[in-house]
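Student: I have a structure here, written as structure tokens, and I will follow up with some questions on it.
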Amino acid sequence: NYGAEVFLYTDASGCIAQRTICRSLLMFPSFIGPNSGQVPANAQILSATLEFVITDSGGTQYAYQLTESWAEPTVAWNSFATPGLPTTKGSPVSFAAPKGTIVITITAFVQNWVNGDANLGIFIMSPSTNGVDYRSSESAVTPKLTVTYQLA
């Protein structure tokens, strides 16, 4: 478990043999609800973006909507029914990973969550052996979810 690390890492090379981090999980657990600053359940999502800071660029990345639960303090490679490969829903969002700030669109994931899918977060992986380093929630510049919606 690497939940306290200041970086998220994705890489397709040496995941198990070298005991390195090679897949990343993100969650924004309390953004849906009735309170100020939350997105109401059943809202129509006009746009949803995820902003990252990449400190080491690499190959193409894929973000997936997770459908298998996990918890930051205990998650590990073997936490999932298929070790290292949690279950997901729908098509992934493919994106390039240049150094600097990037923004990816995850509108479909967020719409699914406000429509009632369990908000179990996002899984990021890559088939590239050119790994990518992202700043995590423990870093000075955290991943940022921005949602624009209207009430149905």
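The values are calculated or read from the model by the stated rules, or taken from the named source; none is laboratory data. Keep in mind it's a predicted model, so treat the numbers as computed, not measured. All Cβ positions, even for glycine, are placed from backbone atoms using ideal geometry, and neighbour counts span all protein chains on display. Accessible surface areas use protein heavy atoms only, side chains included; no ligands, DNA or RNA. Shrake-Rupley method; radii C 1.70, N 1.55, O 1.52, S 1.80 Å.
Student: So which residues in the stretch 9-45 are modelled with pLDDT under 80 and either surrounded by 13 or more Cβ atoms within 10 Å (Cβ to Cβ) or farther than 21 Å from residue 88 by Cβ (or both)?
Tutor: Selection gives 9, 13, 14, 15, 17, 18, 19, 20, 21.
Student: Within the stretch 129-136, identify whether any single residue is hydroxyl-bearing (Ser, Thr, Tyr), in contact (Cβ under 8 Å) with a residue 24 or more places away in the chain and either touching a Ser or Thr at 6+ places or on another chain (Cβ under 6 Å) or under 24 Å from residue 38 (Cα atoms) (or both), and answer yes or no.
Tutor: yes
Student: Given the criteria surrounded by 14 or more Cβ atoms within 10 Å (Cβ to Cβ) and either in a loop (DSSP other than H, G, I, E, B) or charged (D, E, K, R) (or both), does residue 72 qualify?
Tutor: Taking the combined requirement at face value, the residue satisfies it.
Student: A follow-up question, please. Cβ-Cβ distance below 6 Å, separation of 6 or more or different chains: which pairs start in the stretch 74-96 with a residue that is over 13 Å from residue 106 (Cα atoms) and end on one that is acidic (Asp, Glu)?
Tutor: Within 6 Å, the pairs are 80/68; 86/68; 87/68.
Student: Of (1) within 16 Å of residue 23 (Cα to Cα); (2) under 13 Å from the mean Cα position of the chain (by Cα), residue 74 satisfies all except one. Which?
Tutor: Going through (1) within 16 Å of residue 23 (Cα to Cα); (2) under 13 Å from the mean Cα position of the chain (by Cα) one by one, residue 74 breaks only (2).
Student: So for the stretch 54-69 (the condition being at pLDDT below 90 and in a loop (DSSP other than H, G, I, E, B)), does at least one residue qualify?
Tutor: no
Student: Follow-up. From the list 48, 63, 96, which one is farther than 18 Å from residue 119 by Cα, surrounded by 13 or more Cβ atoms within 10 Å (Cβ to Cβ) and of a type in the set (A, V, I, L, M)?
Tutor: The unique qualifying residue is 96.
Student: With open to solvent by 70 Å² or more (accessible area, probe 1.4 Å) and either in contact (Cβ under 8 Å) with a residue 12 or more places away in the chain or not polar (S, T, N, Q) (or both) as the only criterion, which of 53, 6, 103 stands out?
Tutor: Within the list 53, 6, 103, the selection yields 103.
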